[in-house]
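The values are calculated or read from the model by the stated rules, or taken from the named source; none is laboratory data. Everything numeric here is computed off the predicted structure, so don't read it as measured data. Cβ placement follows ideal geometry from the backbone for every residue including glycine, while neighbour counts extend to all protein chains displayed. Note: accessible area is taken over every heavy atom of the protein model, side chains too, but ligands, DNA and RNA are not part of it. Shrake-Rupley method; radii C 1.70, N 1.55, O 1.52, S 1.80 Å.
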Amino acid sequence: MTIPKVALPPDVRLETLAVREGLPHTPWGENSEALFLTSSFVHPDAETAARRFAGEDEAFVYSRFGNPTVTMMERRLAALEGTGACIATSSGMSAILITILSLLRSGDHVVCSNGVFGSTIRLFQDFARFGIETSFVSQTDAAAWRAAMRPQTRLLFAETPSNPLTEVCDIAALAEIAHAGGALLLVDNCFCSPALQQPARLGADLVMHSGTKYLDGQGRVVAGAVCGPADLIETKFVPTMRSAGMSLSPFNAWVVLKGLETLSIRMQAQSARALELAHWLESRPAVERVHHPALPSHPQHSLAMRQQGGQGGAVVSFVVRAPDADAARRHAFSVIDATRICSITANLGDTKTTITHPASTSHGRLTEAQRQAAGVVQGLVRVAVGLEHVDDLKADLARGLDALATA
Ligand SMILES: *Cc1c(COP(=O)(O)O)cnc(C)c1O
């Protein structure tokens with residue numbers, strides 16, 4: 001027995017896959033995907049159970065390593081990313097954890113951008129205790145990645161655009177460097193999602209997600225996933241999942257599964273609002289600098305537009321003008337505190353716009369030197385644009401910015 005596939009015409013597009021890929025209906029014919037809240041699955045007889053446990057029959061056995069709702073989410077996300085398979089994890093961080101546990105061993109070396117998510121940096125640093133060393137290099141300088149390669153390098157890890165500066169790295173160039181050195185390239189595709197950017201089509205071997213962000217898209221659950229070639233996921237990742245169990249709960253998988261249905265229209269709409277807000281921010285006297293990939297002033301603007309389907313994404317960050325770092329922090333706090341609509345939270349990828357001060361939140365655990373290397377200055381404010389009316393968001397930010405400009 002094998003687990004059946006949905007009968008879709010070949011070459012249907014991303015928007016169609018996002019609502020149709022998964023598993024066939026059950027005999028009840030439900031139109032909305034079923035939520036299988038069950039820890040285990042029953043077998044017709046002992047002989048069949050033995051075959052299923054041995055992996056000779058493909059069937060659901062135990063939800064730590066297989067559940068129909070989770071499988072639907074995995075198949076749908078793999079289809080959107082254009083990879084052969086996907087494995088869902090309990091969080092974005094556990095997606096990185098399962099990658100390290102599945103692919104690396106003591107003595108191996110990793111090259112990682114210094115602009116990646118703060119906890120990602122911490123996790124790679126923690127693995128130095130187990131003999132896996134990581135070199136952190138510039139997000140945007142491909143030559144620095146090449147120079148950091150060693151004979152022991154097994155994995156290159158990139159996140160693009162980066163948080164919170166939206167710096168863009170060249171996925172195809174990094175894939176070439178990785179493959180020339182016999183290593184794999186993993187891209188954290190959290191900020192663009194497959195609706196805007198499909199790293200595997202540009203040569204990345206693995207694509208990971210924090211499903212917590214745009215995939216759910218409504219700030220409800222913590223979830224993660226790794227997408228990649230079917231043989232790699234099945235032979236390396238599934239055994240780790242089976243023994244280590246960083247599994248996604250079926251309920252959270254169902255929430256993400258339904259979130260994927262609206263991913264494309266949300267990303268287009270939020271990305272367009274973010275660009276409009278970015279242009280407006282550039283015109284504010286209290287703003288020194290605005291970061292958004294779709295602005296012509298963005299240092300990797302043309303690369304970003306090629307790589308991200310002509311869209312900048314929904315995250316925009318800006319630096320408030322100030323004479324020194326202390327004042328910059330005060331000014332950033334006052335802009336954040338003057339908002340009445342934006343949610344003050346470090347989360348992103350929600351329909352509700354969120355605003356945060358990265359230097360004291362998401363990047364607060366880093367040393368000042370690491371923050372400087374990542375460009376996270378005290379005057380920086382990050383806005384992850386949701387689905388509110390953009391004029392209301394402008395008014396929300398104008399309150400604090402105008403007060404600074406006239407102070
Ligand atoms: C949030 C985030 C993560 C971690 O995901 P969790 O679901 O919070 O564990 C990893 N990478 C990026 C880019 C993120 O924004």
Classified through the alpha carbon gyration tensor (a ≥ b ≥ c as square roots of its eigenvalues; rounded if a/c is under 1.5, else prolate when a/b is larger than b/c, else oblate), segment 271-326 comes out prolate
For Ser119, placing the label point 7 angstrom along Cα-to-beta-carbon and taking segment 243-287, residues whose amide nitrogen sits under 11 Å are none
FRET efficiency (Thr345, Leu37; Cβ distance; R0 45 Å; to 0.05) is 0.95
Scanning the chain, every Cys lacking a C-beta partner under 4.7 angstrom -> Cys112, Cys169, Cys190, Cys192, Cys342
Hits in segment 263-278: amide N under 15 Å from the 7 Å Cα→Cβ extension of Ala405, namely 277-278
Residue separation between Leu14 and Lys394 times 0.36 nm, minus their alpha-carbon distance, gives in nm 133.6 nm
Heads up, segment 1-119 by the C-alpha gyration tensor (a ≥ b ≥ c square roots of eigenvalues; a/c under 1.5 rounded, else a/b over b/c prolate, else oblate) looks oblate
Answer in debye to the nearest 20: the dipole magnitude of segment 14-261 about its Cα centre, from +1 Lys/Arg and -1 Asp/Glu charges placed on Cβ, is 480
The extension gain from Ala180 to Phe251, computed as 0.36 nm times the residue separation minus the Cα-Cα distance, is 21.4 nm
Heavy-atom accessible area per residue of the chain, all protein chains kept, 1.4 Å probe, expressed in Å², is 41
Distance in nm between Arg220 and Ala327 label points, each 7 Å along Cα→Cβ, equals 4.7
Burial-style ranking of 239-247, 74-82, 291-299, average other-beta-carbon count within 10 Å with highest first, yields 74-82, 291-299, 239-247
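Which is the longest part of the chain that has none of the chymotrypsin sites (Phe, Trp or Tyr not before Pro) sitting in a DSSP loop with at most 16 other Cβ atoms within 10 Å? Please report the intermediate quantities before stating the final value.
Working: sites that count: Trp28, Phe41.
Answer - 42-407.
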With +1 on the Cβ of every Lys and Arg and -1 on the Cβ of every Asp and Glu, the dipole magnitude of segment 230-306 about its Cα centre, in debye rounded to the nearest 20, is 80
Surpassing 20 Å at the alpha-carbon level, of the pairs Lys213/Lys394; Lys5/Lys258; Lys213/Lys352; Lys213/Lys236; Lys5/Lys213, are Lys213/Lys394; Lys213/Lys236; Lys5/Lys213
Projected onto the charge dipole of segment 152-260 (unit charges on the beta-carbon of Lys, Arg, Asp and Glu, signs +1, +1, -1, -1), the Cα from Pro229, Val255, Ala178 with the largest positive-side position is that of Val255
Carbon plus sulfur, as percent of the 1.4 Å-probe accessible area of the chain, comes to 54
With the charge dipole of the chain built from beta-carbon charges (+1 for Lys and Arg, -1 for Asp and Glu) about the Cα centre, the Cα from Ser243, Ile100, Gly379 projecting farthest to the positive end belongs to Gly379
One finds the C-alpha centres of segment 175-228 and segment 37-102 to be spaced, in Å, by 19
Quick calc, segment 41-164, dipole around Cα centre from Cβ unit charges on Lys, Arg (+) and Asp, Glu (-), nearest 20 debye, gives 340
Ranked output for segments 2-12, 163-173, 224-234 by mean other Cβ atoms within 10 Å, highest leading, reads 163-173, 224-234, 2-12
quick note, the chain, DSSP beta bridge pairs, % antiparallel (nearest 5) is 55
Expressed as a whole-number percentage, the relative contact order of the chain with C-alpha contacts under 8 angstrom and at least six residues apart is 16
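Under the rule a/c < 1.5 gives rounded, and otherwise a/b versus b/c splits prolate from oblate, where does the chain land using the Cα gyration tensor? Numbers along the way, then the final one.
Values: a/c = 2.08, a/b = 1.50, b/c = 1.38.
Prolate, because a/c is 1.5 or more and a/b exceeds b/c.
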Plugging the Cβ-Cβ distance of His279 and Lys236 into 1/(1 + (r/R0)^6) at R0 = 41 Å yields, to the nearest 0.05, a FRET efficiency of 0.35
Summing -39500 (n - 2.57) over every DSSP H run of at least 4 in the chain, dividing by its residue total and rounding to the nearest 500, the 222 nm mean residue ellipticity is -11000 deg cm²/dmol
Dividing the mean separation of Cα pairs under 8 Å (6+ apart) by the residue count of segment 58-206 yields a relative contact order in percent of 20
